[in-house]
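S.K.: Got a structure here, written out as structure tokens. Questions coming.
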Amino acid sequence: MNEDKNYIDRIFEQELKDFAPDPGPELWAAIFAGLDAKDAAIRRRRTIIRWTSFSAAMIAVAVFLFVRSCSVNGTDSLNIVKKRTERLNLNNNSILLTANEASISNIDSNLENSISSEKVSRKKHKRSHKSSNSSALSSTAQKTKIEALHTNAASQDLNKTDGQISIETIEYRERIFLNKFFALNPFQSFDVTMDESTPYFIFKSRKSIGIQAEAGAGLMFLSVNSKPDFQYDNPVVVTAEPFNSPVSEYFLNVKLQYSRLYAKVGLNISQYYQNNNYSIPYTTIDTSGGYASFDLNKYWTYDTIGYFHDPYDPDILYPIVNPTYHIDTVGSVWNSKYVERQNIKKTNSTQRYHFAEIPISLGYQYQLGKIGIFGDMGIGFAFLYKSSGYYSDGVDYYEISKENNPYRKTHANLLINAGVNYPLGNQWNIFAQGSLRTNISPIYKAEQFKDLRYNAFGLRLGLSYNLK
Amino acid sequence: MTFDFELYQRCLSGERAAQEKLYKIYAPIMYGICLRYTKDQDEAKDVLQEAFIKIFSNIEGFRGEGSFEGWMKRIVINTSLNHYYKAKKEISDKSFDDIKETEIQHDDDQELEELRFNKAEMLEAIQRLPDGYKQVFNMYVFEKYKHREIAELLNISVNTSKSQLSKARTYLQKTLIRMEKAKKQQKR
């Protein structure tokens, strides 16, 4: 039995070891589609990871700046202040030491003066004969000694005052330095004082941070930033003019400013208007050809295709003939051609697309007197939340709805702004900025236009309010 | 089969034409394996499709240790096994220990050496095997795995692997004899 089992193994192995039937051609198509779907999923996942990481990094930077600027008792602020205080204390100590040394030398010289006065008085006392005189002299010496001690005390007072003046000078310099340091913030100036209870400075107010709310409106124009991937039925479309359509938008942002840097997050509401009768010019090139023939004979032939029976003359049948024109050719030649035709495709549409976008930007502001010049860059995540209208190209008519429209539900944009602002009092500022919004991810559905993206250029105006 | 490094490199860069060429070279061999592990052609094609998508998606995983064909075969076998486990979750299927001895009908003993079977018949006999038998038999006979390796891969004991192989052999023997009887009856 065991041999039988081995025999089973052997016969199966011999027969089926190199068994390699053809799975058929249709399987590759399924694998191909599967690979495409997998690639698309990987690309989508990578895009999401990339932008999520970027957003997280930007938010982390914004949070870091916020925490750093808010942390009055925070480690970083304390470290900066502590270092400067230590340096200040060292300076003070050296100045006080110098003052004390000067004071000690004054005391020494005064004491020497008093001792020498005492010696002189004693000598005078020996020379004199009267004790009353000696006491008088002694009192003179005492007076001189007291004067010396007074002088010593005065010199100490003077030295102490010098030390205080030195400290105040350093304090003043410190204040100037910190004011300069924080004066980069265009919103506030800073008041730095010494807190005697602690060995370092603290800021009396949290003025190192600026928070603004800004709102405004803008008008932009769209243009296509990649070559259209659509073709008409005619042989070749050489050119297709990109259209320009307006975009109006409203925005509300919160701006967190630290020094010259700022981070911005908010909400943009945009409306894309496409309600024009477009005349899209395009060129077709026809390179087809035809045969040109050389004719030898041209003649007619008459084929009988039936007979006509005359009821009044029944014995006669009249033939019905069909004349056919003939051309005998002796040769022909292929004439190729190259014909360019300018065509115009007319479309008629009234379309509205409403996008909500969450922008996250980082920027830099430079203060030139009262005028602030700023620039920022970031990304925006946009959602299509409403669409309406119709589109007609003379042949087909499409109703635009939330589901039936050419745009994806979400897309990402790169946002670049640059502009100027001007204060309108203590709290309000007015600003104007040029804006560029370019699609990072395709805005159109893949089945509509593959990889077609927009650029939007425009101008924004708005007001900002200093919250802090 | 010689290893075409250039073709491999092109597949690595995701070139579809190269992938198609690679598919055309290896698909028949891999399809043969899939047929042995599955019940019918449709299931085999599903497994082959899944396996090739895995191969092309993870082709950078081949590090040149062993042959490329061997690497592909391992993926195909693993995919076949996974396919079985996935299907097993959905429908209750006879597994390793579910088949009772009584289900294996004992026909009259007959000398198997006298009989001759073609490839299609032998494949059919394997495909008729219960899944547990089929996997152990294929892995032991064709892939040359040891019982210890089979036990690890299928998460069964070594003794179970041995008994499954024994039962598979008996099952195949009886199946082939039965098929031969059926053939003879058709001829009459």
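The values are calculated or read from the model by the stated rules, or taken from the named source; none is laboratory data. No experiment lies behind these values; they were computed from the predicted model shown. Neighbour counts are summed over all protein chains in view; Cβ atoms, including those assigned to glycine, are modelled from backbone coordinates with ideal geometry.
S.K.: Out of the residues in region B:20-55 that are among the β-branched types (Val, Ile, Thr) and in a helix (DSSP H, G or I), which is nearest to the chain's Cα centre (by Cα)?
M.R.: Here the residue is B:ILE33.
S.K.: State yes or no: is B:ALA17 in a helix (DSSP H, G or I), without any contact (Cβ under 8 Å) to a residue 24 or more places away in the chain and not assigned by TED's automatic domain parsing to the domain that holds B:PRO130?
M.R.: Yes; evaluated as a whole, the condition is true for this residue.
S.K.: Say we look at region B:119-145 and pick out the residues that are within 14 Å of chain A (Cβ to nearest Cβ) and among the charged types (D, E, K, R); which of these is surrounded by the fewest Cβ atoms within 10 Å (Cβ to Cβ)?
M.R.: Filtering region B:119-145 for residues that are within 14 Å of chain A (Cβ to nearest Cβ) and among the charged types (D, E, K, R), the one surrounded by the fewest Cβ atoms within 10 Å (Cβ to Cβ) comes out as B:LYS144.
S.K.: Separate question: Kindly list, by first and then second residue, each pair from a residue in region B:166-181 that is at negative phi to a residue that is hydroxyl-bearing (Ser, Thr, Tyr), limited to pairs with Cβ atoms under 8 Å and residues at least 6 apart or on different chains.
M.R.: Listed by first residue and then by second, the contacts come to B:LYS167/B:TYR133; B:ALA168/B:TYR133; B:TYR171/B:TYR133.
S.K.: Sticking with this structure for a sec: Would you confirm, using the coordinates I've provided, whether A:ILE440 is touching a Ser or Thr at 6+ places or on another chain (Cβ under 9 Å), under 28 Å from A:ARG46 (Cα atoms) and touching a residue at least 12 places away in the same chain (Cβ under 8 Å)?
M.R.: Yes; evaluated as a whole, the condition is true for this residue.
S.K.: Related question: How many of the residues in region B:24-42 are closer than 15 Å to B:ILE77 by Cβ and either touching a residue at least 12 places away in the same chain (Cβ under 8 Å) or surrounded by fewer than 19 Cβ atoms within 10 Å (Cβ to Cβ) (or both)?
M.R.: 10
S.K.: Please work out which residue is farthest from B:ALA51 (Cα to Cα), limiting yourself to region A:33-48 and to residues that are within 9 Å of another protein chain (Cβ to nearest Cβ) and surrounded by 12 or more Cβ atoms within 10 Å (Cβ to Cβ).
M.R.: A:ASP39
S.K.: For A:ALA62, only one of the following conditions fails: (1) over 30 Å from B:VAL76 (Cβ atoms); (2) free of Cβ contacts under 8 Å to residues at least 24 places away in the same chain; (3) surrounded by 12 or more Cβ atoms within 10 Å (Cβ to Cβ). What is its number?
M.R.: (2)
S.K.: Also, quick follow-up: Looking only at region B:146-188, which residues are hydroxyl-bearing (Ser, Thr, Tyr) and within 14 Å of chain A (Cβ to nearest Cβ)?
M.R.: B:SER163, B:SER166, B:THR170, B:TYR171, B:THR175, listed by residue number.
S.K.: Still on this model: Would you check which residues across region B:2-13 are within 14 Å of chain A (Cβ to nearest Cβ), surrounded by fewer than 17 Cβ atoms within 10 Å (Cβ to Cβ) and touching a residue at least 12 places away in the same chain (Cβ under 8 Å) and list them?
M.R.: B:LEU12
S.K.: Given A:GLU3, A:GLU13, A:GLU112, A:GLU86, which one is within 14 Å of another protein chain (Cβ to nearest Cβ) and at pLDDT below 85?
M.R.: Just a single option satisfies the conditions, and that option is A:GLU3.
S.K.: Taking region B:56-90, which residues are surrounded by fewer than 18 Cβ atoms within 10 Å (Cβ to Cβ) and not in a helix (DSSP H, G or I)?
M.R.: B:ASN58, B:ARG63, B:GLY64, B:GLU65, B:GLY66, B:SER67
S.K.: Cβ-Cβ distance below 9 Å, separation of 6 or more or different chains: which pairs start in region A:378-393 with a residue that is under 24 Å from A:SER53 (Cβ atoms) and end on one that is part of a strand (DSSP E or B) and among the aromatic types (Phe, Trp, Tyr)?
M.R.: Pairs found: A:ALA382/A:PHE355; A:PHE383/A:PHE355.
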